[in-house]
Amino acid sequence: MKTKCVCVLFLLLFFYIPSFSNQKIFENELHIIPSIGNIQSKKNLSITDNTNEITTINPDTFLINYFNQINVKYKGISIPHIGNLETPTYSRIFFERKETSQFLFQDACTLYRKDPNHFKFFNTKTPYSNISYQRIENSSMNDTEYIQTLLTFNFGKNLNIGFNVEYQYAFGFCKSQLSKHIDQIFFVNYISDRHRVHYFTSFNSHTSSESWKITNNKHNQLNNIFLNTKSATSNDSIYLNDTWNKLNENLVHFDYCYNFKFYKKKTNENYKKQSYLISNITYTMDYRSNKKKFYTYDSISVDNFYIDKKDLFRKLKYINDFTYCNSISNIISISMMKNVPCWKNVNFNASLIQEFRLFNIIDTTNNKTQQSSIYICGNLTKQLNKIFRYNIKSNIGILGYNSNDLKFHTSIEAHIPFLKDTITSMIYTCINHLSPTYYENHYSSRYFYWNNNFNKIEKKHIGSILYIPYTKTSLKLQLENIKNYIFFNKKGNPQSYIKNIQIFSADLIQNFKFNAFNFDSQITQQISTNQKIIPLPTFSLYSNAYFKFKPTNVLTIKFGTNIHFWEKYCAYSYEPAIQQFILQDKLKVGNYPLINSYIHCDLKQAHFLIEYYNIWSEFISNQNYFSHPHSPISPPFIKLEISIDFID
């Protein structure tokens, strides 16, 4: 049986290979995962960066988490977007933002993408599948639909294979606000006592229209814009007729791990053997292919829109800016576990990472640029006693473009018994010295051109986390000093701020429950010492008040209202030609409560959600609600979602 499983695995790998690059080396987070209990039919597994260690995680809890994963606004306390599903977005909370990737054009859509280090692999006793469907209903809106299908099954106890397909198609509320997203994923995992294999491949395509923009933040424009596409006039919006951005990403992840174990007979009646993991060696390969394309079928209107920009390629009849980046990384990792007699309560990992990148940008010579880098990484964790544990992580660039880059992270955790529960706290520090990415230094297109030589970005970070399960309270404090911070200025060009900027953040999460009533809230307070370079809302809030009860054994109902609020500030503006959020100081957005009401039903294997979006706008006359400068929050609509599990 094992021979057949291995043959099937390698045949699938051979015939199904398309594209990935190692981006994050580690995260500075404290993960508090509740007990998952006894899961009879299926388990969800995730893999960590570099070492690809397996972590058993909670399957989707439909009444709490599942539909939040579909909706981008629930992926953070304050997530703005351009006004349609699958449109570019970012987080207003500074410490929720990820580092700039090697292909920075996709960062504005990173919340919609899946990568193997955050993907949920499966191990099922019986075949499992799921179909999820979402639709938005509004009299002034064309079709907006989202569908996801998942199918996974096991060959024996060790080998699991699965497919996941996502398709989203949205016209939006305004003229030429179309977006389309397709993501196809194939995954395999093989887990036995000695061997562990993961394979993940994804084809991702994202297309969005960049053909409209409200000229100013006047609320009297919103009624005309949202009523019907025919009512939108040139006085309401600036149109780039038939202008589009398209992002393609193909990625492949493969890792193999061999476990070294020793066996010890237990001195009991059955003389059972018990295995102890003492070490493992892991090989990981990631390959990623990214391409961006900005094009239009109406060059005249786009040329007029960018009349103040230098046109390097006006001799071309059509606008077709493109760039691509291919990258591959290879990682070899060796781990020593705490079961080794001389490594008591100590886990140690060492990794060697090699990365190669190939860039191509449109210019007069159409040249290609190559980069290569080699890193060494270490990770040491020691359990001092039943209460304290410390961790040290490092990543050092030793050769190539990223030589002398440094990521250094230390943390100490304490798990203190309190009132028949455990208070968890952590203090951590981080030091990062990172080279600018290729596209931050070099880019050439029809309307944008830069050739920089920025210094390394220097970050010093300190934070603390406190979690009290008895009161369901979580407090997080963070302070970071940044030097040589890279941002996009008002003209849409990258710029480095050579002085120091400090960012302070305090996050409070408090959940409350009384019988069927639940109240969950999160408050974030942020301070930026330079709001002109890093603009942040000082105060942000998310609250969710709901009732949850079970009228019958097979039916659970949850209904309530949630609110997103952020203080008014000079938010970023969106630049479509480079798909980046840039500085502006003319318009402020905020001080508007985005309120949504919903009802959610869980009936055995079927899950239903009805949500009324932006209900507050029905009760106010001054409808001056904007997510970005020139980008209003969508008007009220009803969203319908359904998800059904098929087991056996």
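The values are calculated or read from the model by the stated rules, or taken from the named source; none is laboratory data. This is a predicted model, so every value here is computed, not measured. Because the Cβ atoms are built from the backbone with ideal geometry, glycine has one as well, and the counts that use them run over all protein chains shown. Protein only, heavy atoms only, side chains kept; ligands, DNA and RNA dropped before computing areas. Shrake-Rupley method; radii C 1.70, N 1.55, O 1.52, S 1.80 Å.
Structure above, values below:
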read-out: Number of the exception - ASN530 against (1) at pLDDT 95 or above; (2) part of a loop (DSSP other than H, G, I, E, B); (3) under 22 Å from the mean Cα position of the chain (by Cα); value: (3)
read-out: Complete set of residues in segment 510-526 that are out of contact with any Leu (no Cβ under 8 Å at 6 or more places or on another chain) and in a strand (DSSP E or B); value: GLN510, ASN511, PHE512, LYS513, PHE514, PHE517, ASN518, PHE519, ASP520, GLN525
read-out: Residue check for TYR447: surrounded by fewer than 16 Cβ atoms within 10 Å (Cβ to Cβ) and either among the aromatic types (Phe, Trp, Tyr) or assigned to a helix (DSSP H, G or I) (or both); value: no
read-out: Hits in segment 157-205 (condition: part of a strand (DSSP E or B), at pLDDT below 90 and open to solvent by 10 Å² or more (accessible area, probe 1.4 Å)); value: TYR169, LYS180
read-out: Residue within segment 577-597 that is assigned to a strand (DSSP E or B) and over 22 Å from THR89 (Cα atoms) present; value: yes
read-out: Residue, nearest to HIS461 (Cα to Cα), within segment 388-424, restricted to residues that are open to solvent by 30 Å² or more (accessible area, probe 1.4 Å) and among the hydroxyl-bearing types (Ser, Thr, Tyr); value: THR410
read-out: Test set (1) touching a Ser or Thr at 6+ places or on another chain (Cβ under 8 Å); (2) closer than 30 Å to PHE95 by Cβ; (3) surrounded by 20 or more Cβ atoms within 10 Å (Cβ to Cβ) - SER631 fails condition number; value: (1)
read-out: Residue identified as basic (Lys, Arg), open to solvent by 40 Å² or more (accessible area, probe 1.4 Å) and touching a Cys at 6+ places or on another chain (Cβ under 8 Å) among LYS568, LYS588; value: LYS588
read-out: PHE487 being under 30 Å from TRP450 (Cα atoms) and assigned to a strand (DSSP E or B); value: yes
read-out: Residue match in segment 508-518 (condition: buried (at least 19 other Cβ atoms within 10 Å of the Cβ) and modelled with pLDDT of 95 or more); value: no
read-out: The listed residue being at pLDDT 60 or above, touching a strand residue (DSSP E or B) at 6+ places or on another chain (Cβ under 7 Å), surrounded by 15 or more Cβ atoms within 10 Å (Cβ to Cβ) and of a type in the set (S, T, N, Q), out of SER237, SER211; value: SER211
read-out: Residue check, LYS499 assigned to a strand (DSSP E or B) and farther than 27 Å from ILE77 by Cβ; value: yes
read-out: Failed criterion for LEU477 (all others in (1) closer than 23 Å to LEU587 by Cβ; (2) surrounded by fewer than 17 Cβ atoms within 10 Å (Cβ to Cβ); (3) not charged (D, E, K, R) hold); value: (1)
read-out: Residues being modelled with pLDDT of 90 or more, farther than 18 Å from PHE103 by Cβ, surrounded by 16 or more Cβ atoms within 10 Å (Cβ to Cβ) and of a type in the set (Val, Ile, Thr) - total across segment 285-334; value: 1
read-out: Index of the failed condition, LYS472 passing every other in (1) surrounded by 15 or more Cβ atoms within 10 Å (Cβ to Cβ); (2) under 26 Å from ALA414 (Cβ atoms); value: (1)
read-out: Condition met for LEU434 (open to solvent by 20 Å² or more (accessible area, probe 1.4 Å) and out of contact with any strand residue (DSSP E or B) (no Cβ under 8 Å at 6 or more places or on another chain)); value: no
read-out: Residues that are modelled with pLDDT under 90 and in a loop (DSSP other than H, G, I, E, B), drawn from segment 101-116; value: ARG113, LYS114, ASP115
read-out: Any chance TYR375 is closer than 22 Å to THR282 by Cβ and assigned to a strand (DSSP E or B); value: yes
read-out: Some residue of segment 534-543 being open to solvent by 40 Å² or more (accessible area, probe 1.4 Å) and within 22 Å of the chain's Cα centre (by Cα); value: yes
read-out: Any hit, segment 553-575, residues being in contact with a Lys or Arg (Cβ under 9 Å, 6 or more places away or on another chain) and of a type in the set (S, T, N, Q); value: yes
read-out: Count of residues meeting criterion [open to solvent by 20 Å² or more (accessible area, probe 1.4 Å) and aliphatic (A, V, I, L, M)] in segment 80-118; value: 3
read-out: Some residue of segment 596-617 being of a type in the set (Phe, Trp, Tyr) and modelled with pLDDT under 90; value: yes
